[in-house]
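Note sheet for the following structure.
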Amino acid sequence: MNNLSKANPKTEIVSGLKPSYEELVIENENLRNQLLNSSTSEDNFQANNKKSDIKGPRSDNVSEVQHNNDLIKELLYNHSSPLNGKYTSRKVSQDNKMPGIKLTEKEICESIELNNSLMRAIPFGINIVDEEGTILFQNEYFKKNLRVDAVGQKCWSIYLDDKTQCSECPLRKGIQTGKTDLYETSGVQGGKTYQISHTGMIYQGKKAMMEIFRDITEKKEIKQKIKLLAHSLKSITDCISITDKEDQIIYVNNSFLETYGYTESELIGKNINIVRPLEMEHSKVRDILPKTIDGRWRGEIMNRKKDGTLFPVLLSSSAIKDENGKLVALVGVAMDITEEQKKKKELLEAKESAEESNRLKSALLNNLSHEIRTPMNAIMGFSNLLLDAADDEKKTYAEIIKKSSNHLLKLIDDVILISRLQSEKMPLSIYDCIPAEIVGHVFQIFKKVDLNKGLKIKVSIPDQHKNLIIRTDEDKIVQILTNLVSNAVKYTLEGSVEIGMNVYDCVVEFFVEDTGMGIPKKELNKIFDNFYRGELALNYAIRGNGLGLCITKELVELMGGTISVQSEVKKGSRFYFTVPYKSSANLNNTFA
């Protein structure tokens, strides 16, 4: 190229003879056309789809060279020349004459010199090598960056770190003039990666290859980081979505697709509201987009899966802006918090239960203090009176002491029983029994008790079930019915208390119904709690320790049954509980 840089009418090409007019025209055309071919080589890469590289995979992103291509074209077309930039768009005819254009040798040489000057001035590396890899030409940009004049040396000894020719070197396949290929080569100039365009041409009268070098090391690193980031977004367990300024979805990760049940094609291009509940139009959701554009938004909302399932998410959204602060996109990170909310609810319930337990403990101490003190005072007081009492008074005092002792014993038994029921698994005594007889037995107990004036005890047993035999724990059923009837008698000042039973599929339902005070609706879900006593009990000063219904519920559940209540203030209450049973042979060979 050094000879060409001094091109004049006396330039010798190969043999030392003066080049002809036609040879100068061809030389000029070659230089300009090869640069243009390099700048338009992208189409050739895509058409050829050639898979060949020197030391690394071929770049699929051919469009990255577009800036350099445009620069080449601009330099070639915008600089003045004897041909005014038109000569390169024509082909030499068979007789080596350009139709309609008359050029002198001097003009052709000046055009060649201009082409050489442009090649030296282009701001990226250009060299020309012969078929043996010897560098024939090196532009100024390359000389400055390599800090060596490489003309006359093998290209691999200058550029490659290992100083050896690559096994995939395009020179090994032979130079084809006019053909351009693009390769990525690694291990160049200290581990850098270059994108190299190779174009076959005729230079100084023989086959050569022009190489245009572009350092893409930094871009490869950036590309690798972007690839790593993209992989991270796909692999992250939270749901990631990227939307445009109109909230149209442009990206979702794998977790998003798995969580919501959509495919990627069903979401891309759709509004993010596709995952919002249809009825969710309140201000909280409407604020997400404007607040995200302003900076960021964070909060808990309900989202909807493809199958319509609603579930809570913790959403964080923020704006993505370019280096100029211009909004590019919006990114949202959503985490399914169904389990977290469930645990939060359980913790809250546990906290409330602990607080209720503390309240009940306080109530226990207060009730025990009161309930124990009352009979103990009676026992101690009348015991002292008994010492000095007349004979006719002793019997009365003894009866009072007996009743107080029984009341105190009953309280102690209840406390021990509820403690056992709630802390250990009590055994059941299962044997054959007749439910009708159990009801009758409890009825007889209360029939002999002094009741409130005007209060009647009734019994209700279906005739078809009078002889039914079942296998269950009879003692516990008696205890349950006794507690319920005692409660009913205590809260029913007049009217009636009815004890009865019904039989359904493998279940016996016992009930106690009264016409008493009833229970306020707000207290129905509390009456089975430990030591709970309703407002009516307190207002009417009805004695009790608040353990009866709690014990009753624990006993029913111990037997595998359920207990419920229906009540209305001033109209009475109906308590009923079920007991599952195994059928047994019935008296008189009848079955339920």
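Out of the residues in segment 346-367 that are among the hydrophobic types (A, V, I, L, M, F, W, C) and modelled with pLDDT of 80 or more, which is nearest to Val415 (Cα to Cα)? Break it down into steps so the answer makes sense when it comes.
From segment 346-367, those among the hydrophobic types (A, V, I, L, M, F, W, C) are 347-348, 350, 354, 360, 363-365; that's our starting set.
Add one more test, that the residue is modelled with pLDDT of 80 or more, and what stays is 347-348, 350, 354.
Values: Leu347: 28, Leu348: 28, Ala350: 24, Ala354: 20 Å.
Checked segment 346-367; the qualifying residue nearest to Val415 (Cα to Cα) is Ala354.
Rundown of residues vs (1) more than 30 Å from Asn303 (Cβ to Cβ); (2) surrounded by 15 or more Cβ atoms within 10 Å (Cβ to Cβ), yes/no style:
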{"position": "Arg172", "(1), (2)": "yes, no"}
{"position": "Glu184", "(1), (2)": "yes, yes"}
{"position": "Met201", "(1), (2)": "yes, yes"}
{"position": "Glu218", "(1), (2)": "yes, no"}
{"position": "Val252", "(1), (2)": "no, yes"}
{"position": "Thr259", "(1), (2)": "no, yes"}
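Rundown of residues vs (1) over 30 Å from Asn127 (Cβ atoms); (2) touching a helix residue (DSSP H, G or I) at 6+ places or on another chain (Cβ under 7 Å); (3) modelled with pLDDT of 90 or more; (4) open to solvent by less than 60 Å² (accessible area, probe 1.4 Å), yes/no style:
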{"site": "Val188", "(1), (2), (3), (4)": "no, yes, no, yes"}
{"site": "Glu221", "(1), (2), (3), (4)": "no, no, no, no"}
{"site": "Asp247", "(1), (2), (3), (4)": "yes, yes, no, yes"}
{"site": "Val285", "(1), (2), (3), (4)": "yes, no, no, yes"}
{"site": "Arg296", "(1), (2), (3), (4)": "yes, no, no, no"}
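The strands (runs of 3 or more DSSP E) found entirely in segment 416-493 that carry 3 or more residues being touching a strand residue (DSSP E or B) at 6+ places or on another chain (Cβ under 6 Å) are 455-460. Looking only at residues that are of a type in the set (Ser, Thr, Tyr) and surrounded by 13 or more Cβ atoms within 10 Å (Cβ to Cβ) in segment 397-427, which one is farthest from Asp529 (Cα to Cα)? So, considering only residues that are of a type in the set (Ser, Thr, Tyr) and surrounded by 13 or more Cβ atoms within 10 Å (Cβ to Cβ), the one farthest from Asp529 (Cα to Cα) is Tyr397. Of all residues in segment 396-423, those that are more than 18 Å from Leu549 (Cβ to Cβ) have Cβ atoms under 7 Å from Cβ atoms of residues that are among the polar types (S, T, N, Q) and surrounded by fewer than 18 Cβ atoms within 10 Å (Cβ to Cβ), 6 or more apart or on another chain, in Ile401/Ser383. Based on this model, can you work out whether Leu411 counts as over 30 Å from Ile469 (Cα atoms), modelled with pLDDT under 75 and out of contact with any strand residue (DSSP E or B) (no Cβ under 8 Å at 6 or more places or on another chain)? Against the criterion (over 30 Å from Ile469 (Cα atoms), modelled with pLDDT under 75 and out of contact with any strand residue (DSSP E or B) (no Cβ under 8 Å at 6 or more places or on another chain)), Leu411 qualifies.
Rundown of residues vs (1) over 46 Å from the mean Cα position of the chain (by Cα); (2) open to solvent by 50 Å² or more (accessible area, probe 1.4 Å); (3) at pLDDT 90 or above, yes/no style:
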{"site": "Leu481", "(1), (2), (3)": "yes, no, yes"}
{"site": "Asn525", "(1), (2), (3)": "no, yes, no"}
{"site": "Asp529", "(1), (2), (3)": "no, yes, no"}
{"site": "Gly534", "(1), (2), (3)": "yes, no, no"}
{"site": "Glu557", "(1), (2), (3)": "no, yes, yes"}
{"site": "Ser564", "(1), (2), (3)": "no, no, yes"}
{"site": "Ser567", "(1), (2), (3)": "yes, no, yes"}
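So that you can scan it fast, the table gives a plain yes or no per residue for (1) under 42 Å from the mean Cα position of the chain (by Cα); (2) within 26 Å of Pro123 (Cβ to Cβ); (3) among the aromatic types (Phe, Trp, Tyr):
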{"site": "Tyr183", "(1), (2), (3)": "no, yes, yes"}
{"site": "Lys206", "(1), (2), (3)": "no, no, no"}
{"site": "Ile212", "(1), (2), (3)": "no, yes, no"}
{"site": "Ile216", "(1), (2), (3)": "yes, yes, no"}
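Hey, can you tell me all the residues within segment 233-270 that are assigned to a helix (DSSP H, G or I) and among the aromatic types (Phe, Trp, Tyr)? Matches in segment 233-270: Phe256, Tyr260.
The values are calculated or read from the model by the stated rules, or taken from the named source; none is laboratory data. Just so it is clear, the model here is predicted, and its values are computed rather than measured. In this analysis, Cβ positions are derived from the backbone assuming ideal geometry, glycine residues included, and neighbour counts consider all displayed protein chains. Keep in mind that these areas ignore ligands, DNA and RNA; they rest on the heavy atoms of the full protein, side chains included. Shrake-Rupley method; radii C 1.70, N 1.55, O 1.52, S 1.80 Å.
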